[in-house]
Amino acid sequence: MAAAADTTVDPADLRFGRIGFAVLTALATVTTIGAFTTLDFGTPARPAPGFWIGCVSVATLMLVVVALVNPRIAVDGVSRITRADAAAVALAVPLLALTPSLLTLLGLTVTTALVCLYWFLVITRTRPLFSVIGAGAITAGIVIIFIELLHVPFPLGTLTGIR
């Protein structure tokens, strides 16, 4: 009998899921538009600093749209979303909205460090020391892999003068 109750979906849950995915779609759209309007893309043969950022923005937007239109994702996942999960998503909104602009102002290195630190401290509520260590390690790994080894052209920060 409990299994049957687990498979039924409350219409309020479905509405919450649709609204949640619609908000994420809007944020992904704003981020993609921000990337396309603030970064130079170049061509696939000669990518400019914003090319890979634009690709990730478009891929994120496409994945969120797929989740929005796929009822199985919205319905099955909504029953497991808690108020704390929704609050964490709300805290991540500034990251989605500001990251393209921060990349052009601060460059990849500083933006990555700030985004990771914010993610650890605010969203996952990691202890400050571990947050600093984690943000530093992730930033160093991204710089080494993408800038030093792969030579991916990321934007030069206008305020910092570094990638």
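Within the option set Thr82, Thr60, Thr112, Thr124, being at pLDDT 80 or above and either farther than 21 Å from Gly161 by Cβ or among the acidic types (Asp, Glu) (or both) holds for one residue only, Thr124.
Of note, Gly157 does not satisfy the criterion of being in a loop (DSSP other than H, G, I, E, B), farther than 22 Å from Arg46 by Cβ and at pLDDT below 90. Screening Ala137 on (1) more than 16 Å from the chain's Cα centre (by Cα); (2) touching a residue at least 40 places away in the same chain (Cβ under 8 Å) shows it passes everything except condition (2). Scanning the stretch 25-55 for residues that are in contact (Cβ under 8 Å) with a residue 60 or more places away in the chain and of a type in the set (A, V, I, L, M, F, W, C) returns Leu27, Ala28, Val30, Ala35, Leu39, Ala48, Phe51, Trp52, Ile53. For the stretch 109-154, how many residues meet the condition of being of a type outside the set (A, V, I, L, M) and not in a helix (DSSP H, G or I)? So the count comes out to 7.
Considering only residues in the stretch 95-128 that are free of Cβ contacts under 8 Å to residues at least 60 places away in the same chain and among the polar types (S, T, N, Q), the one that is surrounded by the fewest Cβ atoms within 10 Å (Cβ to Cβ) turns out to be Thr124.
The values are calculated or read from the model by the stated rules, or taken from the named source; none is laboratory data. Small disclaimer: the values here were computed from a predicted structure and weren't measured. Neighbour counts are summed over all protein chains in view; Cβ atoms, including those assigned to glycine, are modelled from backbone coordinates with ideal geometry.
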